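A.B. asks: There's a structure below that I have some questions on.
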Amino acid sequence: MKYVSTRNPSLKVDFQEALFQGLAGDGGLFIPEEDLKLQQHFRAFDKHTSFQEIATLVSAYLLKGEVDAGGVQRIVKNAFPFQPRLVSTGEGLSVLELFHGPSSAFKDFGASFLAAAMEEFLQSSDRRAVILTATSGDTGSAVAQAFHNKKNVDVVILYPSGRVSPLQEKQLTTLGGNVLALEVEGSFDDCQRLVKSAFLDSDLRKALPLTSANSISLGRLIPQSFYYIWAFAQFKESLEEELFFCVPSGNFGNLTAGVWAWKWGLPVTGFIAATNANDVVPRYLETGNYQPKPSVATYSNAMDVGSPSNFERLEVVFQKNWNLMRTMIFGEVVNDAQTLETIRRVYQDHKMFLCPHTAVGYKAAELFRQRNRLDHAQICVLGTAHPAKFLDVVELATGKGPELPPNLALAASKEKHSVVMKPALEDLSKVLLERFA
Ligand SMILES: *Cc1c(COP(=O)(O)O)cnc(C)c1O
C-alpha cells in the first residue's frame, strides 16, 4: 500500500514515511493511493464483531508490506483499550459516543493509533522521536495521553498560559513522565508560530529527532474510519432503509474518514456535514463556491474553523466535482440558540447530556430528516466529546452539570507541573536541547 499527496499522485511514500513526515513535501496532504476493497468483509461483520477485530483487519490492509500480522495486532491492542458506544434515542436516531477514551473526546482514536504505530516503527528500527505540538486545549490532551509512557518517544506540548480551561490545563500538565508541558506566556498563535519556527530551525533539527502529531496527520485520520465500520456492523441486522452518518465538523477530518470507509465499500446512503456558524462547506454544497473566511466564536468551539484543512482530501475523493460531492454529502447549519435548545430538550426527553458539538450534530440530523421526509432512515450522529468537558454550556442549557468521568476527575485532582516560557524560539530551543539533546 502506498500513500500519495493530494497535490501530486506521483509523490508516493509508505505509511511509515507519511507518519513521520506529517505534511507531504509539496505542501499537500497524504491520502491512500488506491481504495481498499473491503465489501466482502463488511458483509461478514455483524453486531458481535468487536471494534478491535475491525481495526485489526483494516489496519492490516493499510500497513501491508510494512508491518507483519503480529505488529498490526500490537498496534491495535496498544491503541484501543477503549471503544465506541452506540446509544439509541429512538425514532431511527442514535448517538455514536466516541468520548470514552483517555481524554474524553473522539480525537483519542486518532492520536492513540498514531502513537501506537509510531512506537512500533521506532522500536523496530531503534529510533527516537520528540513530538512537538501546539494546542489551544483539546487536541493537546489527546496527544499527550496517547504518547504518555510510549517507548522511544518524548512529547512536548505548548499551550497558551491562562487561555485554556482549568480542566484542560490539568489534563495537559499532570501526566509527567515523557510528557513535558510548556506554558507559553502568549496566545495560541504564538505557540503555533514557535512550533513552526522550531521545525524550520536547522540546528534544532540536526540535534533532535523532531516530529509532529498535528491533526492533518494521516496516522490520525485513518483510524477514524474504523468506528463508522463498527457502527454499521452494529446496525446491520435491524437496518430497514437508508443509513446516514451525521458528523459535527470543523476541520472535516472526521467526515473524510467516514467517506473513505464508504469508498472502501461500506453501504452508507450519505453523510450530513453539520456545522455551526462556520459554514464554509455547507455554503459550498449549496452554491458551488468555496470561500474560506475567518472563523467566528461559537459554543461548539472545537468546530470554529473558517478554512477546513481536510477539504482538500474530500475534493480528491469526488474528483473536484461539486455535483458528485452533492450526491453523498449534505450540509446543515445549526446556530448557538439551536444548540442550547437541543441540549435542553434532549436532556428533558432522554436524561442524556450532549456536549455542544454533539448537539449541533443532533439538531442537524433532525433538520435533515424533516427536510427530506426520511421517516424510516437510520441517522447516526457522531458524539464527539464528553459533556463534562463543556460544563459551562451544558449548565447554561439545562441548569445541571454532568459528572466528571473518572479519568477527568483524576486529572483534576492532581498537581500541575509546567515549565513557564516566554514566546521566543531561543527559550524553546534552550529547553528542548537541555532535556533531549
Ligand atoms: C475536533 C473536534 C470536532 C471537529 O472535528 P473535525 O475532524 O475537525 O471536523 C468536533 N467536536 C469536537 C469535540 C472536537 O474536538
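The values are calculated or read from the model by the stated rules, or taken from the named source; none is laboratory data. Treat the numbers as computed from the prediction; the structure is a model and nothing was measured. Cβ atoms come from the backbone with ideal geometry, glycine included; neighbour counts cover every protein chain shown. Each accessible area value is taken on the protein alone, full model and side chains, heavy atoms only, with ligands, DNA and RNA left out. Shrake-Rupley method; radii C 1.70, N 1.55, O 1.52, S 1.80 Å.
A.B. asks: Show R163, R373, R74 ordered by accessible area, largest first, where the area counts protein heavy atoms only and the probe is 1.4 Å.
C.D. replies: R373, R163, R74
A.B. asks: Shifting gears a bit: Accessible area of D26, 1.4 Å probe, to the nearest 10 Å²?
C.D. replies: The accessible area comes out at roughly 60 Å².
A.B. asks: Right, another one. Taking a threshold of 19 Å on the Cα-Cα distance, which of the pairs K196/K389; K77/K151; K293/K389; K47/K389; K151/K206; K37/K64 fall above it?
C.D. replies: Exceeds cut-off: K196/K389; K293/K389; K47/K389; K151/K206.
A.B. asks: Round to the nearest 10 and report in Å² the accessible area of K2, as given by a 1.4 Å probe over the protein chains' heavy atoms.
C.D. replies: Per-residue accessible area (K2): approximately 90 Å².
A.B. asks: Now a separate question. Net charge near V346: determine it from the other residues with C-beta under 14 Å of the C-beta of V346, scoring Lys and Arg +1 and Asp and Glu -1.
C.D. replies: In short, 0.
A.B. asks: Report Y299's accessible area, 1.4 Å probe, all protein chains in place, as a number in Å² to the nearest 10.
C.D. replies: 70
A.B. asks: Find the accessible area per residue for region 190-277; the probe is 1.4 Å, ligands and nucleic acids are left out, and the unit is Å².
C.D. replies: Per residue, region 190-277 has 30 Å² of solvent-accessible surface.
A.B. asks: Extension gain S413-R7, at 0.36 nm per residue separation less the Cα-Cα distance, in nm?
C.D. replies: Between S413 and R7, full extension yields an extra 141.5 nm.
A.B. asks: Given a 10 angstrom Cα cut-off, can you work out which residue in G70, G306, G92 is the most mobile in a GNM of the chain?
C.D. replies: The residue that fluctuates most here is G70.
A.B. asks: How far apart, in nm, are the 7 Å Cα→Cβ label points at E403 and H100?
C.D. replies: Distance between the two pseudo-spin positions: 1.6 nm.
A.B. asks: Which of the aspartates and glutamates could a cross-linker span from K236 if the Cα-Cα distance has to be under 19 Å and same-chain partners fewer than 8 positions apart are dropped?
C.D. replies: D46, E53, E91, E97, D375
A.B. asks: For every helix of n ≥ 4 consecutive DSSP H residues, a contribution of -39,500 (n - 2.57) applies; sum these over the chain, divide by its total residues, and give [θ] at 222 nm rounded to the nearest 500 deg cm²/dmol.
C.D. replies: Computed mean residue ellipticity for the chain: -13500 deg cm²/dmol.
A.B. asks: What size of dipole, in debye to the nearest 20, comes out for the chain about its Cα centre when the only charges are +1 on Lys and Arg C-beta atoms and -1 on Asp and Glu C-beta atoms?
C.D. replies: The dipole magnitude comes to about 260 debye.
A.B. asks: Same structure, new question: First check a/c for region 323-375, with a ≥ b ≥ c the square roots of the eigenvalues of its C-alpha gyration tensor; if it is under 1.5, answer rounded, and if not, answer prolate when a/b is larger than b/c or oblate otherwise.
C.D. replies: prolate
A.B. asks: Taking the Cα-to-Cβ direction at R205 and at S88 and moving 7 Å from each Cα, how far apart do the two end points lie in nm?
C.D. replies: Each label point is offset 7 Å from its Cα along the Cβ direction, giving 5.4 nm.
A.B. asks: Also: For a paramagnetic label modelled at 7 Å from the Cα of R127 toward its Cβ, which residues of region 8-22 fall within the zone defined by backbone nitrogen distances under 13 Å?
C.D. replies: 14-22
A.B. asks: Distance from a point 7 Å along Cα→Cβ of L433 to each backbone N in region 185-209: keep the residues under 12 Å and list them by number.
C.D. replies: Residues 202-208 qualify, since their backbone N sits under 12 Å from the label point.
A.B. asks: Using R₀ = 30 Å, calculate the FRET efficiency as 1/(1 + (r/R₀)^6) where r is the Cβ-Cβ separation of E66 and E185; round to 0.05.
C.D. replies: Rounded to the nearest 0.05, the efficiency is 0.10.
A.B. asks: At a Förster radius of 51 Å, what calculated FRET efficiency corresponds to the Cβ-Cβ distance of D14 and D349, to the nearest 0.05?
C.D. replies: Given R0 = 51 Å and the Cβ-Cβ separation, E is 0.55.
A.B. asks: Calculate the dipole size of region 43-153 relative to its Cα centre from +1 charges on Lys and Arg beta carbons and -1 charges on Asp and Glu beta carbons; express the result in debye to the nearest 20.
C.D. replies: 200
A.B. asks: Right, another one. Would you work out the charge dipole size for region 220-305 about its Cα centre, treating the Cβ of every Lys and Arg as +1 and the Cβ of every Asp and Glu as -1, and quote it to the nearest 20 debye?
C.D. replies: It comes to approximately 380 debye.
A.B. asks: If you don't mind, another one. Suppose we keep just the DSSP beta bridges with both residues in the chain; what percent of those would be antiparallel, to 5?
C.D. replies: Around 25 percent antiparallel, to the nearest 5.
A.B. asks: Just by accessible area at a 1.4 angstrom probe, what is the order of H350, H386 from largest to smallest?
C.D. replies: Of H350, H386, the descending order of accessible area is H350, H386.
A.B. asks: So between Q39 and F318, what do we pick up on full extension, going 0.36 nm a residue minus the alpha carbon distance?
C.D. replies: 98.5 nm
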